[in-house]
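Quick note: the coordinates plus some simple rules give every number you see, no bench work behind them. Treat the numbers as computed from the prediction; the structure is a model and nothing was measured. Here the Cβ is made from the backbone with ideal geometry for all residues, glycine too, and neighbour counts use every protein chain on show.
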Amino acid sequence: MNFGYPISETQRLGFSFGVTDTKITAGQYAVQEIKSSPRLEPEVENWYESTLQADGTYAAAEVLRPIAELPITALTVPEQLGFLDLNGDEYLNFSVTGSWLQSTLNRGQLATRGVSQSVALAALQGPAAAWIAESRQAYAQAGREAAQALSVPEVPGGTFLFVDVADALDDRGLVGWLGDAADRGLFLSPGPSFGDYPTHVRVCFTCAPPDVTQRGIAVMKSLLARS
């Protein structure tokens, strides 16, 4: 719902109120951070109770049972919960926006003189607002800790760190160092993919939960310590 109120010939104030009902559906191959795995797909409605014996024969016919009767002991407990497991998949959010617009254009389309400028401020209220605030704080702290651990400048508004690993390289170069990192479960982006950074790697400290990021930084520190 939008409402505008003119305050002069070239300026007006705008107000809007919105309601958003969002349902998130994870794909079949959604990563662990989104939805934990292994998991049962919604389309699976039945399971077979096997009567297979040790000698390879069946004691009786297999029985088809509803999925609701599947014992919890038959399921593998995920190592970590994903975002949808922790926060749910349905969100009802309310937003309020206030804006100011000034336009001195000589016509609405293909203007040849004048200027148009606006400022807007939006506020979000709902389950997502709390998660956004919490995540912003958690990942900002993760970025600060990563920068301190790797002895590089902190990034006040970004999600990446560029780290020069030149002192830790051997005759295999950056590719070899990245291979060693991958062998230990740490995957980093090579600096040359982003410009003239032949001995740098790019570290993303928001692509995984903060505790996972901390473990990755510890691995990286040990690789750098070999220099």
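Rank these for me by crowding, Ile7, Ile72, Ile24, going from fewest to most other beta carbons within 10 Å.
Details: Ile7 11, Ile72 6, Ile24 14.
Result, fewest neighbours first: Ile72, Ile7, Ile24.
Projected onto the charge dipole of the chain (+1 at Lys/Arg Cβ, -1 at Asp/Glu Cβ, origin at the Cα centre), which of Val219, Tyr139, Ser116 gives the Cα projection farthest towards the positive end?
Comparing the listed Cα positions along the dipole, Ser116 ranks first.
Under a point-charge model restricted to the Cβ atoms of Lys and Arg (+1) and Asp and Glu (-1), what is the dipole moment magnitude of region 49-193 relative to its Cα centre, in debye to the nearest 20?
The calculated dipole for region 49-193 is roughly 1220 debye.
Mean 1/r over all different Cα pairs, inverted: what Kirkwood radius does region 133-224 give, in Å? Please list the in-between numbers first.
Working: mean 1/r = 0.0746 Å⁻¹.
After inverting the mean inverse Cα-Cα distance, the result is 13.4 Å.
How fast does the chain diffuse by Stokes-Einstein, in µm²/s, taking the Kirkwood radius from C-alpha pairs at 10 °C and 1.306 mPa s?
On the way: Rh = 23.5 Å.
The estimated diffusion coefficient comes to 67 µm²/s.
Kindly give Rg over Rh for region 61-174, based on alpha-carbon atoms, with the Kirkwood expression for the hydrodynamic radius.
Values: Rg = 26.3 Å, Rh = 21.4 Å.
Over the Cα atoms of region 61-174, Rg/Rh equals 1.23.
In whole Hz, what ³J(HN,Hα) sequence does region 113-123 give by Karplus (6.51, -1.76, 1.60; θ = phi - 60°), x for Gly and Pro?
7, x, 9, 9, 8, 8, 9, 9, 10, 10, 10
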